[in-house]
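Each remark here refers to the structure printed beneath this line.
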Amino acid sequence: MTAMLSVAELGHTYQAKDGAHTAIADLSFTVGAGELVCVVGPSGCGKSTLLRTISGLIRPTHGAISLHGNAVQGVPDDLAVVFQDYSRSLFPWLSVQKNVEFPLRRSLGRAARRARAAEALEWVGLSGATRKYPWQLSGGMQQRVAIARALAYRPALLLMDEPFASVDAQTRFELEDLLLKVKREHDTTVLVVTHDIDESVYLGDRILVLSGSPASVVADLAVDLPAQRDQITTRESEAFVALRAEVARLLNVGKSTKALRAKRKANEQSAAKWAEAERAEVSRAEAEDRATTS
Amino acid sequence: MRALTRGLLGVAGFLVIWELFGRSGLVPAEYLPPPSVVGVELIGLLGDEAFLRDVVATVLALLIAVGLSIGIAVPLGLVLGSVPAVRHATRAVVEFLRPIPSVALIPLAILVLGVGPEMKISLAVYAAVWPILFNTIYALDELDPLLVETARVFGTGRVRVLFAVALPSALPFVLTGIRLAATTCLVVLVSVELLAGGSGGLGQFIMEARSGAGRMDLVLAGTVVAGVIGFAVNEGLERAQRRWVAWSSVTGGRS
């Protein structure tokens, strides 16, 4: 299998006025074409930093990322992201159809755009809602729109940041199955970041278990479950239960070795400050961007 | 329909109180003519070409002033709102200029621009730029970073983010600014017409009715027309806002 995404010795340290915070330390992994890889880690372990570096929104302080062989510098052309917060990621002034067409405005003509959007909306079962506005839809439907938007873009890699963390359990099951279905039917390469162990086992072809902050890969597990999964029978199968336990154990190990350091750090510096450092980082990266583009 | 009925009842109540007050003898009748008298004058005025020309002069100046204010304040707001360096550099000047009442600038404006319509329009624009400018800047501050990030990861360039994300997202605030600006424009226009004269308009009509024959009935008729124009402009813009940016009220003001 060829590697669609390869991350090598990735590390990122946020600089703040009164110290530095290493969010990721020495992270290496690959995602093969057509694979669905889940990244699980304790909350605050640097998952969102990982996602932001892969999507080119921030530049890592060391290491390299490449997407089908091309080094990621700035936002790649063929990458789509589905964020957790669908209600803030859909454009409220655009209809469902126009939201899905949004990323295609640069590359496609009007008719092609419309056809592509209609097709993607059909994949997620929303053909009847094209003229509605996001706020007229339920949370689960809004996230379907976000997924359709990402799929319509035909990305080489679909990044998902805790995509189902903000919907109710029933909807979550539906969306998980939907993701598996479109991934199977369209051979999409997907990287899902989640903190939900069950979800990672249910969705993944592989699971990357991360340690607590700074994040590094504790284990890279192949999910030995049939491609066709079912919310009830898969979840009660022995393989599923065993794998879930293993991931949970690994997460705990990851936590305990880093626990002391993390605790000391937490006392020294509040989370809010790192959020600020990250914001500063993003705007710094943007400023750099601006400097290079102008 | 009920809301309309209530509104009409309110207006009727106001007219009745005014009528009773005007006829009570508490104030001399020539100072505060009752609405029945003013109404008759008003109907007469609506057939009077000179008066209609004054009304048109004010309305036209209002439209031009609002248009110019939008044309100046929105682009300026986009720049100030998205480039912090420019905003910091201009803060002191802006804070100095903003509180200056535009009527205080009349002498300067007459010197520089004469007494033609461009003078009153300039002063109206001066006053109307601020609400639009500040609402635009404020809206950009409130812009959800996730919307920008979403657009960015889908390969949207910086300039396009400004026009395809920041501007539509700011629209509800901008429209509110425009609504405030339009009312301000009308106030300034009528004031300047009244104080400086020279270029016609409702203010000048009111001034002349008062100073010549002391015809308070004409003064009040002119005032009523000014009020109706203000009401119509505000109502029209409110409707446009409800229609164009319905999404912002449903999403709880989030833009």
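The values are calculated or read from the model by the stated rules, or taken from the named source; none is laboratory data. Every value quoted in this text rests on a predicted model; they were computed, and no experiment measured them. Cβ: placed from backbone, ideal geometry, glycine included. Neighbour counts: every protein chain shown. Please note that ligands, DNA and RNA were not included when accessible areas were found on the heavy atoms of the full protein model with its side chains. Shrake-Rupley method; radii C 1.70, N 1.55, O 1.52, S 1.80 Å.
Miscellaneous remarks
- For B:Arg2 and B:Arg210, the FRET efficiency from 1/(1 + (r/R0)^6), where r spans their Cβ atoms and R0 equals 41 Å, is about 0.55.
- Taking a sphere under 14 Å around the Cβ of B:Tyr126 and counting the other residues whose Cβ falls inside, with K and R at +1 and D and E at -1, yields a net charge of +1.
- Listed residues A:Thr233, A:Thr189, A:Thr22, most fluctuating in chain A (Gaussian network, C-alpha, under 10 Å): A:Thr233
- Shielding by partners - mean other protein chain Cβ count within 10 Å, residues of A:84-92: 5
- Heavy-atom accessible area buried between chains A and B is around 2500 Å² (1.4 Å probe, both sides summed).
- Over the residues of chain B, the helix contribution to mean residue ellipticity at 222 nm works out to -26500 deg cm²/dmol, using -39500 (n - 2.57) for each DSSP H run of at least 4.
- Top of A:Val39, A:Val218, A:Val209 by mean-square fluctuation, Gaussian network on chain A, Cα under 10 Å: A:Val218
- Debye intensity ratio I(q)/I(0), log10, the stretch B:119-247, q values 0.11, 0.18, 0.21 Å⁻¹ (C-alpha model): -0.54, -0.96, -1.13
- Remark: the stretch B:36-245 carries 47 Å² of accessible area per residue (probe radius 1.4 Å; ligands, DNA and RNA excluded).
- Estimated purely from DSSP H runs of n ≥ 4, each contributing -39500 (n - 2.57), the mean residue ellipticity at 222 nm for chain A is -14000 deg cm²/dmol once divided by its residues.
- Other residues whose C-beta falls under 15 angstrom from the C-beta of B:Ala61 contribute a net charge of -1, scoring Lys and Arg +1 and Asp and Glu -1.
- Under the shape rule built on the C-alpha gyration tensor, where the axes satisfy a ≥ b ≥ c, the stretch B:55-186 is prolate, since a/c reaches at least 1.5 and a/b is greater than b/c.
- Take A:Asp177: with every protein chain present and a 1.4 Å probe, its accessible area is about 60 Å².
- For the stretch A:1-69, trypsin sites (Lys or Arg not before Pro) are listed when DSSP marks them as loop and at most 13 other Cβ atoms sit within 10 Å of their Cβ; the list is A:Lys17.
- Check: the protein assembly as shown dipole with +1 on Lys, Arg Cβ and -1 on Asp, Glu Cβ, in debye: 220
- Averaging the sequence gap over all C-alpha pairs within less than 8 Å and six or more residues apart, then dividing by the number of residues, gives chain A a relative contact order of 24 percent.
- Simple label model, 7 Å out from Cα along Cβ direction - A:Ala242 to B:Leu60, nm: 8.9
- The mean number of Cβ atoms from other chains found within 10 Å of a Cβ in peptide B:164-171 is 2, as a whole number.
- Inverse mean reciprocal Cα-Cα distance (Kirkwood Rh) of chain A, Å: 19.9
- Backbone N atoms of the stretch A:56-99 closer than 19 Å to the 7 Å Cα→Cβ label point of A:Ala112 belong to residues A:77-80, A:98-99.
- Share of carbon and sulfur in the accessible heavy-atom surface of chain B [1.4 Å probe, %]: 72
- Residue mean of other protein chain beta carbons inside 10 Å, B:152-163: 6
- Scaled to the globular estimate 2.2 N^0.38 Å, the Cα spread of the protein assembly as shown, given as radius of gyration, is 1.31.
- Global size of chain B: 22.1, 74 Å for Rg and Dmax (C-alpha atoms, Rg to one decimal, Dmax whole).
- Over all other residues within a Cβ to Cβ distance under 12 Å of A:Arg206, the charged ones net out to -4, with Lys and Arg as +1 and Asp and Glu as -1.
- Here the peptides B:94-101, A:106-113, B:64-71 are ranked by packing, the mean other Cβ count within 10 Å, and the order with the highest first is B:64-71, A:106-113, B:94-101.
- Between the listed residues B:Ala166, A:Leu94, B:Phe205, the Cα displaced farthest toward the positive end of the dipole of the protein assembly as shown, a dipole computed from Cβ unit charges relative to the Cα centre, is found at B:Phe205.
- Part-to-part distance (alpha-carbon centres) for the stretch B:1-44 and the stretch B:191-214, which is given in Å: 23
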